[in-house]
1. Residues to consider are A:LEU38, A:LEU21, A:LEU62; find the one that is touching an Asp or Glu at 6+ places or on another chain (Cβ under 7 Å) and within 12 Å of chain B (Cβ to nearest Cβ).
2. Can you find a residue that is of a type in the set (S, T, N, Q) and touching a residue at least 60 places away in the same chain (Cβ under 8 Å) anywhere in the range B:52-66?
3. Would you confirm whether any residue within the range A:55-65 is out of contact with any strand residue (DSSP E or B) (no Cβ under 6 Å at 6 or more places or on another chain), among the hydroxyl-bearing types (Ser, Thr, Tyr), modelled with pLDDT of 85 or more and exposed (fewer than 13 other Cβ atoms within 10 Å of the Cβ)?
4. Under 9 Å by Cβ, and 6 or more places apart or on different chains, what pairs join a residue from the range B:82-109 that is within 14 Å of another protein chain (Cβ to nearest Cβ) with one that is modelled with pLDDT of 85 or more?
Amino acid sequence: MNTGTNDNEIISRVLRGEHSLYADLVKRYQNFVFTITLRYTNSREDAEEIAQDVFVKAYRSLADFRGESRFSTWLYTIVTTTCITFLRKKKLETHSLDNEKVFEVADSVDSGFRANQVEQKSKIQMVNKAIKLLSPDDAKLISLFYQGEQSLDEIGQIMGLEPNTVKVRLHRARQRLKDKMETHFVQEVKDIMN
Amino acid sequence: MNTQPSIETRLWDYIDGLSSPEEKSAIEQLIESNIEWRRQYHELLEVHQLMSNSLELDEPSMRFTQNVMEDIAKYQIAPAAKNYINKRVIWGIGAFFLITIVGFLVFVFGQMLTAPAATGGGTNALPFNIDPNKLNVGNVLNSTSTNVFLVINAILGLVLLDMYLGRKKKQLREQL
C-alpha cells in the first residue's frame with residue numbers, strides 16, 4: 001500500500017488542475033475499493049458501479065480532504081456510506097453465510113483447525129472463500145484491517161465506531177472466519193474421502 | 001458475572017500487539033507453560049498469518065480506471081465546504097429555531113398558568129410552587145405578542161429562503 005505522502009502530493013496537483021493524475025489514485029485503490037463493494041453485493045456489475053460512484057464522489061469532494069487522516073481512510077469512509085446508500089436504494093440481498101447451504105452438512109461436526117490436513121494452497125483458497133461467506137460488515141472489517149492496513153482508530157473513523165467496539169467486532173469477525181474455515185476444511189476432507 | 005476477557009481475546013490482543021508490556025509477558029509465560037494456551041495461540045496465529053498473507057483482492061474490469069476518468073470529466077471539483085458555508089446562515093437557522101422553541105415554551109407555560117385561573121381551579125394542578133394570581137401572563141402573551149412572534153419568524157424564514165435561492169441562482173450562473 002502506498003504512503004499517505006504520495007497520495008497528498010497527487011491530490012495537491014489534482015486540485016491545482018492536473019486532473020489526469022487522479023487516474024493514479026484510482027489505479028492505486030481500485031482493487032481494494034472494488035473488493036469491499038463486492039462484499040456488499042453479489043454482482044460484479046453492481047460492485048463496479050458502486051466503486052465507480054465512490055471515485056466520482058471522492059473526486060468531487062477532493063477539496064474537502066484536509067489531510068488530517070490518510071487518503072485511504074477518507075476514501076474508505078466514502079466507500080462505506082456509498083455502499084449503505086446503494087443497498088438502501090436497491091434493497092439488495094446481502095451475501096451472508098447464514099443463507100448458505102454449502103456448510104450445513106458439516107455444521108455439527110466437532111473439528112479443530114488442523115493445518116496439516118490440507119495443503120497450503122488449499123488453505124489460501126479456503127480463507128478467500130470463507131471471507132466471502134461472512135456478513136459484509138465482518139468481511140469489510142477484516143479486509144480493512146488486513147488488506148487496507150487501517151488501524152483500529154482509522155477503522156473506527158471509517159465505520160463510525162469507537163476503537164474498542166472495532167476491536168471487539170474484529171475479534172468476533174475473526175472468530176467467525178475461523179469457524180467457517182474449520183467447517184469448510186471438514187467438508188473438504190469429507191469430499192476427498194467420498 | 002465473569003468480566004475477565006477470554007483466552008482468545010487476550011491472545012488476539014497479544015497477536016495484534018495491543019497488549020500492555022505486563023500482559024505481554026504474562027501471556028508469553030502462559031503460552032510457554034500451559035498446553036491449552038499454546039494450542040489456542042498457534043491456531044489463532046495461523047489464522048492471523050493466513051489473513052495477513054493470503055487474502056486476495058478482487059479486480060474490477062480492465063476499463064475501470066478509464067470509465068472513472070470519463071465519468072469525472074463531466075464534473076468539477078466542488079469548492080471546499082468551509083469556503084461556501086456561510087456562518088451567518090448557520091447562525092440565522094440557529095436563531096430561527098431558538099426563537100421558535102422559546103416562543104413555543106412561552107405559549108405552553110402561558111396556557112398552563114392561565115388554564116386553572118380561567119376555570120376557577122386552584123393551584124393544585126401546578127407541579128411547582130407558583131401563585132398564579134400574582135402572575136399576569138395575559139400582559140406577556142396576548143394576541144399582539146403572538147402576532148409579533150409569528151411575524152418575526154415569518155421574516156426570518158423569508159430571509160433564509162432568499163439567501164438559499166440566491167445561492168442556488170449564483171451556482172447555476174457559475175455552471176453556465
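1. Going through A:LEU38, A:LEU21, A:LEU62 in turn, the sole match is A:LEU38.
2. Among the residues of the range B:52-66, not one is of a type in the set (S, T, N, Q) and touching a residue at least 60 places away in the same chain (Cβ under 8 Å), which makes the answer no.
3. No: the range A:55-65 contains no residue that is out of contact with any strand residue (DSSP E or B) (no Cβ under 6 Å at 6 or more places or on another chain), among the hydroxyl-bearing types (Ser, Thr, Tyr), modelled with pLDDT of 85 or more and exposed (fewer than 13 other Cβ atoms within 10 Å of the Cβ).
4. B:LYS82/A:ASP64; B:ASN83/A:ALA63
The values are calculated or read from the model by the stated rules, or taken from the named source; none is laboratory data. Being a predicted model, the structure only gives us computed values, none of them experimental. Glycine also receives a Cβ, built like all others from the backbone with ideal geometry; neighbour counts cover every protein chain displayed.
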